[in-house]
Amino acid sequence: MLKVNNLSVYYNDVLALDDVSLEVEDKVITGIIGPNGAGKSTMLKSILNIIPHEGKTLIDGKDSKSSLDQIAYVEQKADIDHTFPIKVKECVSLGTYANLKLFQKVKNKEWEKVSQAIDKVNLSEYSERQIGELSGGQFQRVLLARCLVQDAKYIFLDEPFVGIDSISEKIIMETLMDLKAQGKTILIVHHDLSKVRDYFDDVIILNKRTIDFGPVKEVFNEKNLKVAYGDSIFV
Ligand code: ADP
Ligand code: MG
């Protein structure tokens, strides 16, 4: 189980997260929602130990820092360089490095996993293409395939559906449902409130502090959304 205890993050003088505490159920898909600048990305980065923070982030009772190999992460698209000259299959194979020893090469067995993952996200025909030639949705599918290869227990996706086509969105969502059925725990930062009921089992509503978290049926309600987004959201 993933737990966040009294997490606070400052960027210089700006308080981005204020004493956030919450729990994420295992083996479900949890959405993280909240307005722009609510600290959603900051929360994932804290669990991943990428940024300095106060408080604790725990996986099965231990500091998440000791289980980073258990987490596959796709950062927010704006932060990724996809002009980098690398083929689709090479990009996906990077997911195997988490499981390889230093200087060990990707072997046939791993290439087989890479090819299966590419197939899973319906990109077999694109395996030899440069990532720079892909559409936004295809590239997002490549990044998900990389997570599949990593075979981590936790999958963190930061706004995976922004600016992508509806076919890619459907393929990604179906793949995530399969991963859930395999027992993976999936955490998705998301801003389109209209999809929350369809996509997520649980939801975390964030605006610098925890507004609420739990099953969508219980916490995704008008009262909580007004606290998070302000009254204007229902006008
Ligand atoms: P969200 O993902 O919910 O949109 P973020 O976690 O990206 O929000 O950011 C939360 C707050 O922290 C925002 O006010 C943002 O401007 C600020 N922030 C995020 N990253 C940095 C950074 N590297 N340096 C300074 N301020 C930052
Ligand atoms: Mg963000």
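The values are calculated or read from the model by the stated rules, or taken from the named source; none is laboratory data. Just so we're clear, the structure is a prediction, and the values are computed from it rather than from any experiment. Every residue, glycine among them, receives a Cβ derived from its backbone with ideal geometry; neighbour counts consider all protein chains shown.
Residues that are within 16 Å of ligand 2 (Cβ to nearest atom) and in contact with a Leu (Cβ under 6 Å, 6 or more places away or on another chain) within segment 166-203 comprise just one, Ile188.
Hey, does segment 39-51 have a residue that's part of a helix (DSSP H, G or I), away from ligand 1 (no atom under 14 Å from the Cβ) and under 19 Å from the mean Cα position of the chain (by Cα)? No, segment 39-51 has no match at all. Taking residues in segment 15-42 that are at positive phi, and partners anywhere that are within 16 Å of ligand 2 (Cβ to nearest atom) and assigned to a loop (DSSP other than H, G, I, E, B), the pairs with Cβ atoms closer than 7 Å and at least 6 places apart or on different chains are Gly39/Lys208.
To keep it simple, each residue is scored yes or no on (1) within 28 Å of Leu225 (Cα to Cα); (2) at pLDDT below 95.
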| position | (1), (2) |
| --- | --- |
| Leu44 | yes, no |
| Thr57 | yes, no |
| Leu68 | no, yes |
| Glu75 | yes, yes |
| Ser93 | no, yes |
| Lys105 | no, yes |
| Lys109 | no, yes |
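Having 2 or more residues that are under 19 Å from the mean Cα position of the chain (by Cα) and in contact (Cβ under 8 Å) with a residue 60 or more places away in the chain is the bar; report the helices (runs of 4 or more DSSP H) wholly within segment 87-183 that clear it. Steps first, please.
Values: elements: 88-93, 108-120, 136-150, 166-181.
Of the helices (runs of 4 or more DSSP H) lying wholly inside segment 87-183, those with at least 2 residues that are under 19 Å from the mean Cα position of the chain (by Cα) and in contact (Cβ under 8 Å) with a residue 60 or more places away in the chain span 136-150, 166-181.
The listed residues are Tyr73, Tyr97, and the only one of them that is among the aromatic types (Phe, Trp, Tyr) and within 16 Å of ligand 2 (Cβ to nearest atom) turns out to be Tyr73.
For segment 52-86, a residue qualifies if it is within 11 Å of ligand 1 (Cβ to nearest atom) and surrounded by 15 or more Cβ atoms within 10 Å (Cβ to Cβ), and the qualifying residues are Glu75, Gln76. The conditions of being part of a loop (DSSP other than H, G, I, E, B) and either of a type in the set (Val, Ile, Thr) or within 23 Å of Leu68 (Cβ to Cβ) (or both) are met by Phe84.
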